[in-house]
Amino acid sequence: MSGSVYIVGAGPGDPKLLTIRGLECIQQADVILYDRLVNVELLQHAKADAKLIYCGKEPGKHGMIQDEIHRVLVEQASLGKQVLRLKGGDPFVFGRGAEEAAVLRQARIPYEIVPGITAGIAAPAYAGIPVTHRDHGASFAIVPGQGRAEKGKDFLNWAALAQIDTVAFYMSVGNIEHITKSLIENGKKDTTPVAVIEWGTTENQRTITGNLATITREILTHHISNPSMILVGDVVGVREEISWFEEKELKQC
């Protein structure tokens, strides 16, 4: 007897940004493996007897290593369970969803991929920043920002990134000096606007702005930490015209 696995994107933080299909999967699941950045309000939609397994990963502290996640997915589905793998954002955007799907395919476990809204687009939108704009940005890239040259892990093509109009760096606050230095050294003007959006799309969202020359200082001044999205590009300037989320929050207070 074999169950199935649903690899679902929970969206960027605001629980209302979950897809309808994602909600259906939560409501039907017997077992739910959920990540650190999943809004726990979503788990209120689970069945009363659903088994909830936390497998979030933090720097230096993993709730469950990836191999163990693979084992549990296969094990529970093999028992005939409907298993939900719930991930923050989109499961195929820095979510390791493809690795889990490959393991399930090898084990002959049926699975379904349910896309989610990724924070690289949603957090800027809530901050009033379009990632593309007819006048300010025709190209867009999303990048993991943890790579550090001094640790031998910098696999990014900085020369190519410096030519892209808008670049979103995920979970990169602790690496901001390396990011700004690399972009400037590869031709990006130090006056290029930068926004940092902390806890994007949630009630705790904060947004600060600066440029490549000043943003490191701004992050320290405002005590910004992860989870945060760093957005580099001229589109950041559009925020002055269409910022809406903070204004909405003020009106509600």
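The values are calculated or read from the model by the stated rules, or taken from the named source; none is laboratory data. From a predicted model like this one, the values you see are computed outputs, not experimental measurements. Note that each Cβ is placed from the backbone with ideal geometry, even for glycine, and that neighbours are counted across all protein chains shown. With ligands, DNA and RNA removed, areas are computed over all heavy atoms of the protein, side chains included. Shrake-Rupley method; radii C 1.70, N 1.55, O 1.52, S 1.80 Å.
Below are the figures for this structure:
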quantity: Convex hull projection area averaged over all views, the stretch 151-213, Cα basis, nm²; calculated: 4.7
quantity: Residue-level accessible surface for T192, protein heavy atoms, 1.4 Å, Å²; calculated: 10
quantity: Mean accessible surface per residue for the chain, computed with a 1.4 Å probe while every protein chain stays in place, in Å²; calculated: 51
quantity: Percent of beta bridges antiparallel (DSSP, the chain, rounded to nearest 5); calculated: 45
quantity: Contour excess over end-to-end distance, with Cα ends at E241 and R134 and 0.36 nm allotted per residue; calculated: 37.0 nm
quantity: Cα-based radius of gyration of the stretch 74-192 once divided by 2.2 N^0.38 Å, which approximates compact folds; calculated: 1.35
quantity: Estimated Rh, the chain: Kirkwood, alpha-carbon pairs, angstrom; calculated: 19.3
quantity: The chain: calculated mean residue ellipticity at 222 nm from DSSP helix runs of at least 4, using -39500 (n - 2.57); calculated: -8000 deg cm²/dmol
quantity: Separation in nanometres of the label points that stand 7 Å from Cα toward Cβ, at D154 and E177; calculated: 1.3
quantity: Residue order for M64, M171 - accessible surface, 1.4 angstrom probe, largest first; calculated: M171, M64
quantity: Carbon plus sulfur fraction of accessible area for the chain, probe 1.4 Å, in percent; calculated: 52
quantity: Extended-chain gain in nm, criterion 0.36 nm per residue less alpha-carbon gap, Q163 and S225; calculated: 19.6 nm
quantity: Alpha-carbon centroid distance for the pair the stretch 10-29 / the stretch 89-104, whole angstrom; calculated: 17
quantity: Shape of the stretch 1-127, Cα gyration tensor, a/c cut at 1.5; calculated: prolate
quantity: Relative contact order of the chain, defined on C-alpha pairs under 8 angstrom at six or more residues apart (%); calculated: 20
